[in-house]
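S.K.: Submitted below is the structure of interest, expressed as structure tokens.
The values are calculated or read from the model by the stated rules, or taken from the named source; none is laboratory data. Just so it is clear, the structure is predicted and the values come from calculations on it, not from any experiment. Quick reminder, even Gly has a Cβ in these numbers, built from the backbone with ideal geometry, and neighbours come from all protein chains shown.
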Amino acid sequence: MLDDFFVRAMVAGIGVALTTGPLGCFVVWRRMAYFGDTMAHSALLGVAISLLFDLNLLLSVFAVAVAVSLLLLFLQRRQALSADALLGILSHSTLAIGLVLVAFMSWVRIDLMAFLFGDILAVTREDIALIWGGGLVVLAAVVWLWRPLVASTVSEDIAEAEGLKPERARLLFMLLMALVIAISMKIVGILLITALLIIPAATARRFSASPERMAVFASLIGALAVVGGLFGSLHYDTPSGPSIVVAALLLFILSLLPGSRGNRAEAAANRGVRP
Amino acid sequence: MLMDTRAGPQGRNQLVELRQAGIRRSGRWLVRGVDLSIGRGEILTLIGPNGAGKSTTAKLVTGVLRADEGTVQRAEDLRIGYVPQKLSIDWTMPLTVRRLMRLTGRLADDDLTDALSATGIAHLVEAEVRHLSGGEFQRALLARAIARKPDLLVLDEPVQGVDFAGETALYDLIRDIRKTTGCGILLISHDLHMVMAGTDTVICLNGHVCCRGTPEAVSRSEDYQRLFGGNARGLAVYSHRHDHTHLDDGRVLHGDGSITDHCHPGDGHHDHDHHQEHDHHGHDHHGHDHATPAGEGNRHA
């Protein structure tokens, strides 16, 4: 079954979507969209470093993403610039340094487009093993960290006072983000990873009455977007990564239409709360 | 160094103790030299003007902030229930009151319902938190904190946004909780009228501990009777004028123009016999007047 490149793409894409769903919810709740973007963009610097020093690609991408997020935390503590401006500086400069480094290395030929926009149709069995293995690790960690993460999203102070160690949860969450970026880079590409984090989570919001349900729905909606996007890309002969993001966007727009289940549920909730 | 001289089980049942604790941020002391201790079954109320360091002191007690100076000791495995002063939940997180109640730990359905009934919002259990009014939200936060059955309740202005009748009911509830569960309570009030009658000790903060004492002493005092007369039930405040200012480096500028390292009563810099001059019903939190407990418990750190 996995002999077919299309089936491999489907299995890999669904694996990534299931993983990005719950993480994406936290990105949305904690308003970390730009932060996720910055970590993703730094992945290209990781790619360049891996080529330059002949290191494992995944490991270097992961390490650079972690380093950038730690650097960001450090700079935020100094409070010299707003978080917004710092993110803008780090996001684009890491991407630019990565591009410049790659251009310098005339001895290697790499398909830059594959890194930037993904190359899901070239997924191998090893990639699938990595995506599902890594994805299960990420999901297990999210389940384990669920209560501290949700509690500190609502209030860092309550979480700290009541012994949930929010700082540790936040740090581990960053490692998980870096891991997800490293394993999903090949599927949707560096520039589009944040879309797969945010759009399914935002879509799931309309249908969810609890954080837990929103996380599960985000995974399922992401998987649906992968399936729809891949079939669309096959049918219209469009690039697969962007097609997945377009499919996710269409699902989001669909969820906004009046009369959809989410809107009715919300209207009912509003009536129930304030009679 | 301040010692609690009242007889009682404080030594054995001490939940938390601050000694000369201070917090410094960007070269400025938010609060400094705070001595306080809370024991089981004890209610301690912090009052003081805006920016006096009340919330900062509460965060020292809960461990949200670490002291830059002095020590903070907490009993082992101290279980805290915390209602912070400010809390904003992003509307993108779907959160019902039921889910909020289980924010930091498991909770049996019966305990959940009991706590919500106690704060008067049992009917809102399935409501989304973002649709609650300010007062309802405070009740939900209070219910969440007490449902944990904590050893120490830390309530930072727990009745903000609650209507007047509800305010009294919630203060009664807080007193009941102390009686039934025997937990210690740290209560912060910016409303100088509402110092609970059940309070054991009141500490007046203004960047440091200005004074402290029992509200019972206040209620019996002549000043208090004159100020509040027959309407004084449940209220226990009196007022004094701030005759000194705290400088950024922690030194004290006195009304007479002198500067000392600390402020001590009876050092000739203070002026304390003007209680009856103040209008308690039109007090200004930004001004220099503020209320403190009166009587013999009035001591300076």
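S.K.: Consider segment A:1-58. How many of its residues are assigned to a helix (DSSP H, G or I), closer than 24 Å to residue B:95 by Cβ and not hydrophobic (A, V, I, L, M, F, W, C)?
M.R.: The total comes to 7.
S.K.: Then there's this: Report whether or not residue A:54 is at pLDDT below 95, out of contact with any Ser or Thr (no Cβ under 9 Å at 6 or more places or on another chain) and at positive phi.
M.R.: For residue A:54, the condition - at pLDDT below 95, out of contact with any Ser or Thr (no Cβ under 9 Å at 6 or more places or on another chain) and at positive phi - is met.
S.K.: Turning to a different aspect of this structure: Out of segment B:77-99, which residues are within 7 Å of chain A (Cβ to nearest Cβ) and of a type in the set (Ser, Thr, Tyr)?
M.R.: Once the filter is applied, which keeps residues that are within 7 Å of chain A (Cβ to nearest Cβ) and of a type in the set (Ser, Thr, Tyr), segment B:77-99 yields B:82, B:92, B:96.
S.K.: Looking at residue A:159, is it within 14 Å of another protein chain (Cβ to nearest Cβ) and assigned to a helix (DSSP H, G or I)?
M.R.: yes
S.K.: Please identify the pairs in which a residue from segment A:30-59 that is in contact (Cβ under 8 Å) with a residue 60 or more places away in the chain has its Cβ atom under 7 Å from the Cβ atom of a residue that is surrounded by 17 or more Cβ atoms within 10 Å (Cβ to Cβ) and assigned to a loop (DSSP other than H, G, I, E, B), counting only partners at least 6 apart or on another chain.
M.R.: Here the result reads A:40/A:190; A:41/A:190; A:43/A:190; A:44/A:190, each pair linking segment A:30-59 to a residue that is surrounded by 17 or more Cβ atoms within 10 Å (Cβ to Cβ) and assigned to a loop (DSSP other than H, G, I, E, B).
S.K.: Please go through segment B:154-188 and pick out each residue that is more than 23 Å from residue A:160 (Cβ to Cβ), of a type in the set (A, V, I, L, M) and more than 15 Å from the chain's Cα centre (by Cα).
M.R.: Correct list: B:162, B:165, B:169, B:173.
S.K.: Could you run through segment B:52-91 and say how many residues are in a loop (DSSP other than H, G, I, E, B) and farther than 14 Å from residue B:141 by Cβ?
M.R.: Here the count works out to 15.
S.K.: Another question, then. Can you tell me which residue in segment A:196-214 is nearest to residue A:27 (Cα to Cα), limited to those that are more than 10 Å from every other protein chain (Cβ to nearest Cβ) and buried (at least 24 other Cβ atoms within 10 Å of the Cβ)?
M.R.: Checked segment A:196-214; the qualifying residue nearest to residue A:27 (Cα to Cα) is A:197.
S.K.: Does any residue in segment B:70-97 that is over 25 Å from residue B:114 (Cα atoms) come within less than 8 Å, Cβ to Cβ, of a residue that is among the small types (Gly, Ala, Ser) and assigned to a loop (DSSP other than H, G, I, E, B) six or more places away or on a different chain, and which pairs are these?
M.R.: B:72/B:63; B:74/B:63
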